[in-house]
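The values are calculated or read from the model by the stated rules, or taken from the named source; none is laboratory data. Everything quoted here is computed from the prediction, not taken from an experiment. Quick reminder, even Gly has a Cβ in these numbers, built from the backbone with ideal geometry, and neighbours come from all protein chains shown. Protein only, heavy atoms only, side chains kept; ligands, DNA and RNA dropped before computing areas. Shrake-Rupley method; radii C 1.70, N 1.55, O 1.52, S 1.80 Å.
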Amino acid sequence: MFMYLKSKLLLASVILLIFTSILRAENEFPMDEGITYGKLDNGFTYYIRENEKPEDKVYIKLVIKAGSIMEEDNQLGLAHLLEHMAFNGSKNYPKDALDKFMSSIGLDIGSHYNASTSYLQTIYEYEIPTDNPENIITTIKILADIANNLTLEDEAFERERKIVEEEWRTDFGANKRYLDEFLPYLHKNSLLLERKPIGDIEVIRNFKYEDARSYYKKWYQPNLMGLFVIGDLDVNEIKNTITESFSEFKNNEVEVPNYEIPDFNENQFFKYQDEETTSVTFNIWEKTKFQKLNTFSNYREDKIYDLIQVIYNRRIEELLEKNEITFLESGLGRYQISDLDEYKIISATLNEASVKEGIIDFLTINKQIEKFGFLNSELDLAKKNYIRNLQQNIIKRETRSSENFANEYERHFLDDEIISSSEDELKFTNEIMPSITVKDLNDYFKNYIKAKNQIIQIKAPSYIKNLPDEAEIKELYAEVENKNIEPYEFSLKEVELIKEDLVGSKIIKRARYPKTGVIKLTLANGPEVYLKKTDFKKDQIRIRGYSSGGSSQASDDIYPSAKYISAILSIADIGELTVTEKQNLYPKNFVDVFTFINGQEEGVKGYSTNEYLETMFKLLYLNFTDLRVNQTHVDIFKEESISQYNIDKENPTHASNLEYLTKFYQNHPRTKYPTEEFYNQINLKDVQDFYIDRFKDGGNFNFIIVGDFEFDEIEGFIEKYIGSLPKVERKDGYIDHGVRINLGSEEIKYEQEDPKKVNVTRLYHKKFNNTIKEKYKTSLLNSIVDKIFFDQIREKDNLVYSISASYYDSVYKPIELISYYISYGADPKNIEEINKKINVILDEVKKGNFDLKLFEDKKLTLINDYKTSLESNSTWLNAIHSADKNNLYLERLMNIETIIKSISKREIVQLANKHFDGIYFNDIQLISE
């Protein structure tokens, strides 16, 4: 099995691993020593790891190898319903004790703890704060009760059968219609077709309680369970708690039904059209056995696939940017069905105006690879970058999230995947990579599309006529077979990014914000640069530059070009390099900088590791001074946009979307839905001129840099590159064109024939004093209302599966506004009743008739979420940007816990009376099944 491995070092590793595998089943790889792994006598498996990110949190996940596949005919949907029942009481946590406990420590269902059911698993997951270590112990005991001691009371079954019916209803619409047609092809002749996780609605409505209890007793057993506890914890204490909590549970003898997808007798063709389909796609699906990543042989093959995927996708990107192909995008991937089956997929998104031409181009590229293969130069580049990624994993491990670790260990539990240390994985890969040749890649690719157990799928909107059928697709294949295809050529283009000597500018002023640790530098050429050094993400540095104005500076005659200029600039050449040539030299997952121009400002965003830090500054400089837009870039954007517009305008929802946009922005000309005529007004000269105008005055920009940098090094780059940006003595900024959100009451209603589901969204937009405290008051008000909705309308009245109230935006310009929403999905016959209940609840909140305990719990939730957010580079980028742009006091960011605690119930009642005034934007969508 290991004859292809040349390295003596690897051979020694293999001998050791073979010996280890005798002790540890099939897996040939050593386990990461940072994991405390074990099995209790009853087969219950656990994984424990101490981890610091996020700080003061523990991520806990219980995975049960039992899902809808294990159901009997009289239990269809009950595996999923039992997942709901887990929150309805257990022996030691009766009724709603679990919910009360989680609320008391500041946790919300959905945001901080949740559950899910699939064909083969049921999963419960929690993120627990560790300010009180007993909370971790309690959560493990709750999961032990879920595993073996649910009370499964009759009245809870009655509640949940109604709620699950509402969840079943949420699937209605275009996607359900598509899956109802496609799954018989994808899961052909397998049990998967008969065991969808959502189940059979007639079973849900009529099951006997004992049917669900029978499933629970049979399948919730310890040898099918894995517990993952990762975070800020005491490993021995957790191990002892697990042993105490799960050791006494007993197993049943069960036989897992056969869920393998049998081989097809012949390849399948699936053609699908629907009026709500939003793209034209052509996919080749090929069923194969799922391959466990637990042996060196399989690991080597997995690396071959990874390299092919990188090379294939890079080739496609290069062809797209040259506008040499007629499809819009393409890629290859794998779709795991189970631990037995997976599909290999090659897909393309097509231009609606050139479907057959796009398929021919797509097939031609695949035929070119099949005929001529990949190139050594491509393989060398892919190998180099793959090893870089593994090296980076070692650097970033100390700030890797607990959830990320748990997800990796879950794959080991379910599929026996390698969970070696990052160092070991790098070592294995380094030893294997020299043995991988282009012949290996070519042989793998030919096998990837060997046309056995294959589904050829074409999907499009209904309006497209003459969509090719199976016979026509075969003709296109034949046409490609007979084409004179030239081999692909590739060479790595290497250029010096900046050839001229940069003069730079000195730092002339420094200011320090002691509470936040932010440093502000002022350069002689004008920019101010905010620096925030963090350790949240090891070796991650992020930058943002911005200046006021944006597309508001565009006159009406050039506005089409200005509105969509960001998308065009994203595919423009930078200096002498195309986007793909840039990424060949500087991998996108290590470094990139790109421009943006929105309605209020222009700027740059970027990121890098410390290795590529100077490269990031060079790219920043070139984004200001040498983005090269040509006609091809403009044509690519226009062709893609017009293709999508032509699809969208035929969608039955289009008229409703137009009405929504018209009423929302009060028919302002700058907010109208873009048409083909609008896109055709975009031209190269306007794009080039507007880009130059918005970025010619680098001295009028401010910058924010956040991350794991060293001050001495980064200040030198700031002086050299930001300090060399041109300075123009001009004053400009945001221009108010009178665009205003509608603050009145409006209703938009879209209705399909014989609707079975309604989606309702109330949008509230209110004038607002945009301070930190007012924002948190709004968040607190909405979280209180959200919880009452959940408890009353879902849990008590069982009228919805999901209902939410949430703050989602605040703006300073052109006027200060706060925006939030109330939304739900339900049976159309209940819409009036639900709306009445919403109004009653809002009236009660306006009177102050809500529990003080709820008020305090939600304040704690806000505080916990705020503390978590402070460990994010994104939070600091956004907070510094908002403070600088809107002239706010940055240091107040560190006082938010005090601000939240200072909010009184009386203030919330006053805010509710001000905001919930019956004036809102009401969007109603009535959807057929």
* Report yes if some residue within segment 238-252 is touching a strand residue (DSSP E or B) at 6+ places or on another chain (Cβ under 8 Å), in a strand (DSSP E or B) and open to solvent by 30 Å² or more (accessible area, probe 1.4 Å); otherwise report no. => no
* Structure fact -> All conditions in (1) within 29 Å of the chain's Cα centre (by Cα); (2) among the polar types (S, T, N, Q); (3) more than 30 Å from residue 519 (Cβ to Cβ) are true of residue 869 except (3)
* In segment 398-421, what residues are hydroxyl-bearing (Ser, Thr, Tyr) and not in a helix (DSSP H, G or I)? -> 401, 420, 421
* Structure fact -> Taking segment 821-834 and keeping residues surrounded by fewer than 20 Cβ atoms within 10 Å (Cβ to Cβ) and in a helix (DSSP H, G or I) leaves 828, 829, 830, 831, 832, 833
* Could you say which residue among 450, 465, 439, 427 is under 22 Å from residue 287 (Cβ atoms), open to solvent by 20 Å² or more (accessible area, probe 1.4 Å) and assigned by the TED database to the domain that holds residue 375? -> 450
* Asked: Which of (1) in contact with a Lys or Arg (Cβ under 8 Å, 6 or more places away or on another chain); (2) not assigned by the TED database to the domain that holds residue 161 is the odd one out, the single condition residue 222 does not satisfy?
  -> (2)
* Out of 797, 809, sole residue that is among the acidic types (Asp, Glu) and under 26 Å from the mean Cα position of the chain (by Cα) -> 809
* When the residues of segment 473-497 are filtered to those that are closer than 14 Å to residue 359 by Cα and open to solvent by 100 Å² or more (accessible area, probe 1.4 Å), which remaining residue is nearest to the chain's Cα centre (by Cα)? -> 474
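Could you tell me whether segment 565-576 includes any residue that is at pLDDT 95 or above, polar (S, T, N, Q) and surrounded by 20 or more Cβ atoms within 10 Å (Cβ to Cβ)?
Among the residues of segment 565-576, not one is at pLDDT 95 or above, polar (S, T, N, Q) and surrounded by 20 or more Cβ atoms within 10 Å (Cβ to Cβ), which makes the answer no.
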* What's the number of the condition residue 626 fails, among (1) of a type in the set (D, E, K, R); (2) open to solvent by 30 Å² or more (accessible area, probe 1.4 Å); (3) in contact with a helix residue (DSSP H, G or I) (Cβ under 8 Å, 6 or more places away or on another chain)? -> (3)
* Is it true that some residue in segment 530-546 is at pLDDT 95 or above, hydroxyl-bearing (Ser, Thr, Tyr), open to solvent by 40 Å² or more (accessible area, probe 1.4 Å) and in contact with a Phe, Trp or Tyr (Cβ under 7 Å, 6 or more places away or on another chain)? -> no
* Asked: Identify, please: which residue in segment 878-905 is without any contact (Cβ under 8 Å) to a residue 12 or more places away in the chain and under 30 Å from the mean Cα position of the chain (by Cα) and is, among those, farthest from residue 783 (Cα to Cα)?
  -> 883
* Structure fact -> Taking first residues from segment 257-269 that are part of a loop (DSSP other than H, G, I, E, B) and second residues anywhere that are hydroxyl-bearing (Ser, Thr, Tyr) and surrounded by 10 or more Cβ atoms within 10 Å (Cβ to Cβ), the pairs with Cβ under 8 Å that are 6 or more apart or on different chains are 259/119; 259/190; 259/338; 260/190; 260/338; 261/190; 262/190
* Taking segment 251-292, which residues are of a type in the set (Lys, Arg) and either assigned by the TED database to the domain that holds residue 220 or under 16 Å from residue 182 (Cα atoms) (or both)? -> 271, 287
* To do: Note down all Cβ pairs under 7 Å where the first residue falls in segment 161-173 and is closer than 14 Å to residue 207 by Cα and touching a residue at least 24 places away in the same chain (Cβ under 8 Å), the second is outside any helix (DSSP H, G or I) and of a type outside the set (A, V, I, L, M, F, W, C), and they're at least six residues apart or on different chains.
  => 162/798; 164/77
* Asked: Among the candidates 684, 725, which residue alone is touching a helix residue (DSSP H, G or I) at 6+ places or on another chain (Cβ under 6 Å) and more than 18 Å from residue 596 (Cβ to Cβ)?
  -> 684
* Determine if segment 71-90 includes at least one residue that is surrounded by fewer than 16 Cβ atoms within 10 Å (Cβ to Cβ), acidic (Asp, Glu), in contact with a strand residue (DSSP E or B) (Cβ under 9 Å, 6 or more places away or on another chain) and on the phi < 0 side of the Ramachandran plot. => no
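Look at residue 719 and say whether it is at pLDDT below 95 and of a type outside the set (S, T, N, Q).
No; evaluated as a whole, the condition is false for this residue.
Give me the strands (runs of 3 or more DSSP E) completely within segment 447-562, filtered to those with at least 1 residues that are touching a residue at least 60 places away in the same chain (Cβ under 8 Å) and closer than 30 Å to residue 686 by Cβ, ordered by residue number. Walk me through it before giving the result.
Working: elements: 454-461, 507-513, 518-523, 528-533, 541-548.
Where strands (runs of 3 or more DSSP E) fall fully within segment 447-562 and carry at least 1 residues being touching a residue at least 60 places away in the same chain (Cβ under 8 Å) and closer than 30 Å to residue 686 by Cβ, they are 541-548.
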* Asked: Hey, among 707, 744, 723, which residue is out of contact with any His (no Cβ under 7 Å at 6 or more places or on another chain), closer than 30 Å to residue 918 by Cα and open to solvent by less than 40 Å² (accessible area, probe 1.4 Å)?
  -> 744
* To do: Go through segment 221-237 and count every residue that is open to solvent by 10 Å² or more (accessible area, probe 1.4 Å) and under 18 Å from residue 122 (Cα atoms).
  => 2
* Considering each of 146, 128 in turn, give the residue that is assigned to a helix (DSSP H, G or I), at pLDDT 95 or above and open to solvent by less than 20 Å² (accessible area, probe 1.4 Å). => 146
* Asked: Where in segment 869-929 are there helices (runs of 4 or more DSSP H), lying fully within it, with 2 or more residues that are surrounded by 15 or more Cβ atoms within 10 Å (Cβ to Cβ) and in contact with a strand residue (DSSP E or B) (Cβ under 8 Å, 6 or more places away or on another chain)?
  -> 873-885
* Structure fact -> Taking segment 783-820 and keeping residues outside any loop (DSSP other than H, G, I, E, B), touching a strand residue (DSSP E or B) at 6+ places or on another chain (Cβ under 9 Å), open to solvent by 60 Å² or more (accessible area, probe 1.4 Å) and of a type outside the set (Asp, Glu) leaves 807, 808
* Structure fact -> The condition of being under 31 Å from the mean Cα position of the chain (by Cα) and outside any helix (DSSP H, G or I) holds, among 182, 172, only for 172
